């Protein structure tokens, strides 16, 4: 059994951080404050497999230009990472995860750049970090930028 399995998830750093306007997409024309709570755990099973867990994790997102627009999201999902034979990285997202990528299309047909996914999804990235398989899978994709406008 890997040593990492013997350690409990640790509290996340609750220090708020800020993301400038337009960091996720053109529709995000305001800075966003992120404030995390809960726990996280990274487990490295081998050179090619790992998982990131976030039990009890929540994030409060606030539109810095209009702080009355704020939302708290439960993001207790997991990320499973597998390095494929060609060196690309398959990431599988299970449960509730907050993802930032300007190419993701939400359930409302927009490309908000910041989404809450609920279900089972995956992406594949090449070694420089470019998506060779965009987000695909089963579940909901919620436009988080719309929640902050």
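Find the residue count for the range 36-62, including only residues that are within 18 Å of residue 98 (Cα to Cα) and part of a strand (DSSP E or B). Show your work before the answer.
Of the residues in the range 36-62, the ones within 18 Å of residue 98 (Cα to Cα) are 36-42, 51-62.
Among the residues that remain, those that are also part of a strand (DSSP E or B) are: 36-37, 39-42, 51-53, 58-62.
Adding up the residues that qualify gives 14.
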Taking the criterion of being touching a residue at least 60 places away in the same chain (Cβ under 8 Å) and either touching a helix residue (DSSP H, G or I) at 6+ places or on another chain (Cβ under 6 Å) or more than 23 Å from residue 46 (Cα to Cα) (or both), would at least one residue in the range 115-128 satisfy it? no
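I need the full set of residues from the range 68-77 which are part of a loop (DSSP other than H, G, I, E, B) and either free of Cβ contacts under 8 Å to residues at least 12 places away in the same chain or in contact with a helix residue (DSSP H, G or I) (Cβ under 7 Å, 6 or more places away or on another chain) (or both), in order please.
Answer for the range 68-77, where residues must be part of a loop (DSSP other than H, G, I, E, B) and either free of Cβ contacts under 8 Å to residues at least 12 places away in the same chain or in contact with a helix residue (DSSP H, G or I) (Cβ under 7 Å, 6 or more places away or on another chain) (or both): just 68.
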Scanning the range 14-33 residue by residue, the ones that are surrounded by 15 or more Cβ atoms within 10 Å (Cβ to Cβ) and in a strand (DSSP E or B) total 3
Condition first: part of a loop (DSSP other than H, G, I, E, B) and either touching a residue at least 24 places away in the same chain (Cβ under 8 Å) or closer than 23 Å to residue 22 by Cα (or both). Now tell me which residues in the range 78-102 satisfy that. 84, 87, 88, 101, 102
Just give me the residues in the range 134-149 being closer than 15 Å to residue 28 by Cβ and surrounded by 18 or more Cβ atoms within 10 Å (Cβ to Cβ), in sequence order. 142, 143, 144, 145, 148
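Residue by residue through the range 36-63, note down the ones that are over 30 Å from residue 82 (Cβ atoms), buried (at least 16 other Cβ atoms within 10 Å of the Cβ) and in contact with a strand residue (DSSP E or B) (Cβ under 6 Å, 6 or more places away or on another chain). Steps first, answer last, please.
Step one: of the range 36-63, the residues over 30 Å from residue 82 (Cβ atoms) are 60, 62-63.
From the residues that got through so far, the ones that are buried (at least 16 other Cβ atoms within 10 Å of the Cβ) too are 62-63.
Scanning the range 36-63 gives a single hit, 62.
Readers should treat all values here as calculations from the given coordinates under stated rules, not as data from a laboratory. Just so it is clear, the model here is predicted, and its values are computed rather than measured. Note: ideal-geometry Cβ built from the backbone for every residue, glycine included; neighbour counts use all protein chains shown.
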